[in-house]
Amino acid sequence: MKITKLALSLLLGLSAAAGTQAAMAQVTQKAPMTDHGMAQHENPMVGGAPMYASKDIIDNAMQSKDHTTLVAAVKAAGLVETLKGPGPFTVFAPTNAAFDKLPAGTVDKLLQPSMKADLTKVLTYHVVAGKVDSMALAAKIKAGGGKAMLKTVQGENLTASMQGQSIVLTDAKGGMAKVTTADVMQSNGVIHVVDTVLMP
């Protein structure tokens, strides 16, 4: 009887250990580990396409059906190589719907070769040097008493604030854009999708 109990205890112990190993394997599959032993950030889908943290800002943006206007504008402004560079960059990426909210004819006008300088100003106004994720941005807003000034690559500032649980950006003209999808990690920075085009 004692031998039977001992065998049963060993079997139960082995079963529990196997169950723990199986659970750990599942967690590891769901959250791949980085070289530092930390679980990798899993990017949200953008424009119906997966976003890969191993790819750069341009390569990922080109896969999003919601950012075809932005990609066309970046190409027209000659900024592709810059945004494929090492950076890192924080990009507030307006959707096609955001560009559609501009006055009729604005996008077509900005895409003309003669308007390249103006287009570049608008686009670089959506870029901040460094990799600023939503947690860092929220911390800056809190430290600033409800507002954070972000120096853009264009040279002027964006003002970041909280609206409920959402991060909102206010441009130089008082226009406001809400971050609708945050923390889309890139190999050379991070993208935050916004619902309005910001104007310097």
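The values are calculated or read from the model by the stated rules, or taken from the named source; none is laboratory data. Quantities reported herein were computed from a predicted structural model and do not represent experimental measurements. Ideal geometry is used to build each Cβ from the backbone, glycine not excepted, and the neighbour counts take in all protein chains shown.
Below is a table of values for the structure above.
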item	result
Answer from THR106, THR170, THR196, THR159 - the residue that is touching a residue at least 24 places away in the same chain (Cβ under 8 Å) and of a type in the set (Ser, Thr, Tyr)	THR196
Test: residue in segment 108-120 that is of a type in the set (Gly, Ala, Ser) and either closer than 19 Å to VAL179 by Cα or surrounded by 15 or more Cβ atoms within 10 Å (Cβ to Cβ) (or both)	no
Criterion: charged (D, E, K, R), more than 16 Å from THR170 (Cα to Cα) and assigned to a loop (DSSP other than H, G, I, E, B) - qualifying residue of LYS116, LYS131, LYS109	LYS131
Scope segment 140-155; condition surrounded by 15 or more Cβ atoms within 10 Å (Cβ to Cβ) and within 30 Å of ALA104 (Cβ to Cβ); matching residues	LEU150, THR152, VAL153, GLN154
Number of the condition not met by ALA143 [criteria: (1) free of Cβ contacts under 8 Å to residues at least 12 places away in the same chain; (2) within 17 Å of ALA73 (Cα to Cα)]	(2)
LEU137 vs. criteria in contact (Cβ under 8 Å) with a residue 60 or more places away in the chain, assigned by TED's automatic domain parsing to the domain that holds ALA93 and touching a Leu at 6+ places or on another chain (Cβ under 9 Å)	no
